[in-house]
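Quick notes on the structure that follows.
Only the coordinates and a few stated rules stand behind these numbers; no lab work does. These figures come from a predicted structure and were not determined experimentally.
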Amino acid sequence: KAGVTQTPRYLIKTRGQQVTLSCSPISGHRSVSWYQQTPGQGLQFLFEYFSETQRNKGNFPGRFSGRQFSNSRSEMNVSTLELGDSALYLCASSLGWGNGEQFFGPGTRLTVL
Amino acid sequence: GDSVTQMEGPVTLSEEAFLTINCTYTATGYPSLFWYVQYPGEGLQLLLKATKADDKGSNKGFEATYRKETTSFHLEKGSVQVSDSAVYFCALNPGGTSYGKLTFGQGTILTVHP
């Protein structure tokens, strides 16, 4: 089975711009979760989508949004980028029930200048 | 809310040394517990898991036991290798309405020297 894929792998933007990141889950997985990883804050949960509905949301401003399509692929969007948004954004997929085991993609490295 | 606390790093060991990375958690109910590993420039890989009290997860020589009485899930390996150098994260999933949300510890950097 193919793993979780994320595109693009690297991205450079300037302050004020917006960005869209994409995630394709493992085939058959219906849940996609997004995390932000930074040296200072570690790994922080952004949101989770299950069957095209946001099921959980972390403590991030409204500039961070996401969606999930009928094929379970997911996108996250960050509007009005700030320098502090520079981070590794990780996507994880899971079945959506059971023990909560999640499988992670390689991440998208976003740099905001 | 839920939280995970890992021992502060970094941890530096010689090859074939014994490894312990401490992890304690706070959660309501009966969470599932995980150890993930992250190699440089990569995403997280699941190392092992335990879903109920007294379960022992194991993989690639690593072990951890879910101790509800001490709310702990310490990672151990009897003989580390240079290839084990990575960052290790302890995590919990509370289940229920927060099913899709993993809460992570701050990570422990492990460096193994030949």
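Below are the figures for this structure:
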read-out	value
Reduced Cα scattering model of the stretch A:1-79, Debye log10 I(q)/I(0), q = 0.21, 0.23 Å⁻¹	-1.05, -1.21
Cα-based Rg of the stretch B:11-65 normalised by 2.2 N^0.38 Å, two decimals	1.29
Surface/4 of the Cα convex hull for the stretch A:31-113, nm²	5.6 nm²
Kirkwood Rh and Cα Rg combined as Rg over Rh, evaluated for the protein assembly as shown	0.97
Relative pair counts by distance (%), Cα atoms of the stretch A:10-50, 5 Å bins	5, 15, 20, 22, 23, 10, 4, 1
In Hz, Karplus ³J(HN,Hα) per residue of the stretch A:103-108 (6.51, -1.76, 1.60; θ = phi - 60°; x = Gly, Pro)	10, 9, x, x, x, 10
Over chain B, relative contact order from alpha-carbon pairs under 8 Å, at least 6 apart, %	36 percent
Cα-Cα over 20 Å, subset of A:Lys57/B:Lys49; B:Lys60/B:Lys101; B:Lys56/B:Lys77; A:Lys57/B:Lys56	A:Lys57/B:Lys49; B:Lys60/B:Lys101; A:Lys57/B:Lys56
Amide proton proximity set for B:Gly9, modelled H, under 5 Å, gap of 5+	B:Ile109
Whichever aspartates and glutamates have a C-alpha closer than 16 Å to that of B:Lys68, once near sequence neighbours (fewer than 8 apart) are set aside	B:Asp2, B:Asp54, B:Asp55
With 10 Å bins from 0: P(r) over chain B, alpha-carbon pairs, percent	15, 49, 29, 7, 0
